[in-house]
1. Of all residues in region 40-57, which are part of a strand (DSSP E or B) and over 12 Å from Val133 (Cα atoms)?
2. Looking only at region 89-139, filter to residues that are surrounded by 14 or more Cβ atoms within 10 Å (Cβ to Cβ) and free of Cβ contacts under 8 Å to residues at least 12 places away in the same chain; which one of those is nearest to Asp68 (Cα to Cα)?
3. Working only within region 58-76, note down all residues that are closer than 17 Å to Leu134 by Cα and not in a loop (DSSP other than H, G, I, E, B).
4. Would you say Ser105 is at pLDDT 95 or above and either closer than 26 Å to Gly24 by Cβ or part of a strand (DSSP E or B) (or both)?
5. Which count do you get for residues in region 63-82 that are touching a Lys or Arg at 6+ places or on another chain (Cβ under 7 Å) and surrounded by 12 or more Cβ atoms within 10 Å (Cβ to Cβ)?
6. Scan region 16-41 residue by residue and report those that are among the charged types (D, E, K, R) and at pLDDT below 95.
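The values are calculated or read from the model by the stated rules, or taken from the named source; none is laboratory data. Bear in mind the structure is a predicted one, so any value in this text is a computation, not a measurement. Note that each Cβ is placed from the backbone with ideal geometry, even for glycine, and that neighbours are counted across all protein chains shown.
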Amino acid sequence: MFHKLLLAGVLICGCVSAEAQKPGVEGVWKAVTYDISGVAHPMSGLFIFSRHYYSANILFQLAPGPNDDSNGNAGPYKTIGTEIVFDQWVQVHVRPEDAKQPILSHAGEPEHSKFSINGNTLILSFPSGNRFVLERLPG
């Protein structure tokens, strides 16, 4: 009887330990694509998630021209299930070809988005329907 209880305890601890070690968003991620309205635009840059804070700096190109489009965001974040909430202390978006708003620069409102992780791929799905596809870098 004791052996069965000991085995059950080891199995339960192993399952809890494996769940606790399940990789989350924490780490360094390479920007791969920015999917806008179903069109994948190649990106370059990094997303860095510490335990409670993030920083994102990316470049991509939406329109022809000599200057890239870019985003820079930073601040605290939290995850709740498959939701990630970005509290944007810094939000800088540069869109050289946008006649109405070529530069957006301010602290943003908290942004509630969805995320999913499949192996080394992190997908951030924003309320706009656009999404970032990121690849985990070794750390």
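1. Residues of region 40-57 part of a strand (DSSP E or B): 40-49, 53-57.
Ile48, Phe49, Tyr53, Tyr54, Ser55, Ala56, Asn57, listed by residue number.
2. Asp98
3. Keep residues of region 58-76 that are closer than 17 Å to Leu134 by Cα, which gives 58-61, 70-74.
Once the filter is applied, which keeps residues that are closer than 17 Å to Leu134 by Cα and not in a loop (DSSP other than H, G, I, E, B), region 58-76 yields Ile58, Leu59, Phe60, Ser70, Asn71, Gly72, Asn73, Ala74.
4. On the way: at pLDDT 95 or above: no; either closer than 26 Å to Gly24 by Cβ or part of a strand (DSSP E or B) (or both): yes.
So Ser105 fails the test.
5. 1
6. Step one: filter region 16-41 for residues among the charged types (D, E, K, R), giving 19, 22, 26, 30, 35.
Hits for region 16-41 are Glu19, Lys22.
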